[in-house]
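Written out below as structure tokens is the structure these notes cover.
The values are calculated or read from the model by the stated rules, or taken from the named source; none is laboratory data. Everything quoted here is computed from the prediction, not taken from an experiment. So basically every Cβ, Gly included, is an ideal-geometry build from the backbone, and we count neighbours across all protein chains shown. To get the accessible areas, we keep the full protein, side chains included, count just its heavy atoms, and leave off ligands, DNA and RNA. Shrake-Rupley method; radii C 1.70, N 1.55, O 1.52, S 1.80 Å.
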Amino acid sequence: MDSQVNLDTHSWIALAIFLCAIVFVIRSVTIHLWKITIHLNLATAPPLGIVILLASKTITWQTVGDGFIGSKLGVQPYSIMLLFYSLAYICISLDATGLIQFCAFWVSRKAGQRGHLAFTLFYLLTSLISGLASNDVVILTGTAFLSYFTRVSDIHPTAFLMSEFTSANIASMALFIGNPTNVVVSEAFNISFVTYSAWMLLPTVVCLGVAYISLRVVFNSPKYLPRVIYPPDAEPRTVLVDPKGAIFGLVLLGTCLATLVGTSFIPGVSVWMVTLPFAVIMLCRDMWYDLWELLRRSGNDVDSARTRISPSMHEVQSDNDTTISVEADARARTSLKNEEVNKEIAKPLAKVSEYFSKHLPCVTSVVTRMPWTILPFALSMFVLVEGLSHVGWIAVFAKGLSVVTYNYVATVFGVMGISIIACQLLNNLPMTILFTRILQHPNFSHNTQLPEIIVQAAVLGLIVGSNLGACLTQVGSLAGIMFEHILKTKGIYILGYFNFLKWNLILLPLVAAAGAGVVTAELWFHYLR
């Protein structure tokens, strides 16, 4: 790679297309031209950008191939997508058993009328689920439940919702599989599952502790966190629609994590090779469940049977006849990510969909809730970043970012801070893909061999920044965009962009400083003591 790159017209076209694609990812736009409706969103804008770059001869088909399959720098987009969707199926299927809603109602009952205890238990629950599964699972299920919980309990929802969002994005930093951004960085720099956890578990725990203390101080007023609350009096077991499936899913997820730990010591075994078979096992179990239920219900009214379709279709009746519909989690995902795409594909696939919905309702529900629009989005972003590298922008960015490599402390805080800001402009997944390529470029190291501690500081700073960057504004991550959408469907408008930013400008600097401080201490302990 040449360290000196002359930018030309194609360079500026590539940058403009990249930034335009990001704009439509953050805020989708629908354009009506005569009888044609064009939807520009996270599923369509990045692929359209690739088409424009190809048509203008800014990039070649070789660049597209490198973006999809991976270049020689270690990032393999297809393997990242296989890992992401394997874990997504396991987690969504586990959620479809009603387990997460069961845990939420159980926590509500344990807390009783003690408002501070309820706040603490929900914080621990969302942290645990996000750490073991992902922040998306927490946002999609927890936001709907807390919206209902705070409404029925007559609590101002800000404190509980801010707690959920903050803990979900911090806890996702703990494990390799907690966030797609973690996977991108780890795959690019050959970080194993165990090595990743060894570095990131302590910063995650410290950040969660600092965030909890900060939340308690910021929302200390009884207006946000009353001492006495009146929670919904619903029986937790009523939402657990498939207890055996919940146990099976938990054991399977635990076994998958344990296998990831074990295989991290075996060279040549990619993480997707471990997670994909477990996802297939979960799929087979769901198909068996559907077929068994179909046989059991033969001759009866299908609609009246208690079928595990998903918690989103299940309602809980409380003693005071208040009904909770957890419909928002599935509806929000479908509405946010799939509604525009589904309009185009609904007609030709209507009969097929009806057949599978009737014979395999559980599998159909889980597959429908999968975040399919992330697939064209993520793969296209890899191609667009590859295009930026092809026309010289990565070299320019790498030279600019190299100023933070003065020492390991400056590198950690510098890369983390810049990546947090970049998340608000680019969204965290495109930002991570872009910054990974920047860190790999020779210009970042001034075309010399950087000390290992500096390289490790940059990598860890990027991981911390990509996770915490999602906490500042709702456009910093896909989870934030979903969070905002779900709140609107539940009629909650108190956490708009600026109000959300106001609270996080208080919380995030403390959490980020704590995370970077722990990473710095770890680097000193590992390399310099």
Relative to the longest principal Cα axis of the chain, at what angle does helix 428-440 sit, 0 to 90 degrees, rounded to 10? 30
Mean separation of Cα contacts under 8 Å (at least 6 apart) over the residue count of region 110-262, i.e. the relative contact order in percent, is 30
Which percent of the accessible heavy-atom area of region 21-66 goes to carbon and sulfur, probe 1.4 angstrom? 70
Two-site label geometry, Met287 and Ile31: point separation in nm, points 7 Å out along Cα→Cβ: 4.2
Cα long-axis angle, helix 135-152 against the chain (0 to 90 degrees, to the nearest 10): 40
Before rounding to the nearest 500, sum -39500 (n - 2.57) across all DSSP H runs of length at least 4 in the chain and divide by the residue total; then give [θ] at 222 nm in deg cm²/dmol. -21500 deg cm²/dmol
On a 0 to 90° scale, report how tilted helix 350-359 is relative to the longest principal axis of the chain, with both axes built from alpha carbons and the result rounded to the nearest 10. 60
Computed ³J(HN,Hα) along region 450-459: with the Karplus parameters 6.51/-1.76/1.60, θ = phi - 60°, integer Hz and x for glycine or proline, the list is 5, x, 4, 5, 5, 4, 5, 4, 5, 5
Taking all protein chains together and a probe of 1.4 Å, list Thr473, Thr120, Thr255 from the most accessible to the least accessible. Thr255, Thr120, Thr473
Note down the relative contact order for the chain as a percent, whole number, built from C-alpha pairs under 8 angstrom at least six residues apart. 23
What translational diffusion coefficient, in µm²/s and rounded to a whole number, does the Stokes-Einstein relation yield for region 395-495 at 20 °C and a viscosity of 1.002 mPa s, taking the hydrodynamic radius as the Kirkwood radius over Cα pairs? 151
For Val194 and Tyr406, FRET efficiency with R0 = 35 Å and r from the beta-carbon atoms, rounded to 0.05? 0.70
Result for the chain: accessible area per residue, probe 1.4 angstrom, in square angstrom, of 42
Span from the region 437-487 Cα centroid across to the region 387-411 one, whole angstrom: 13
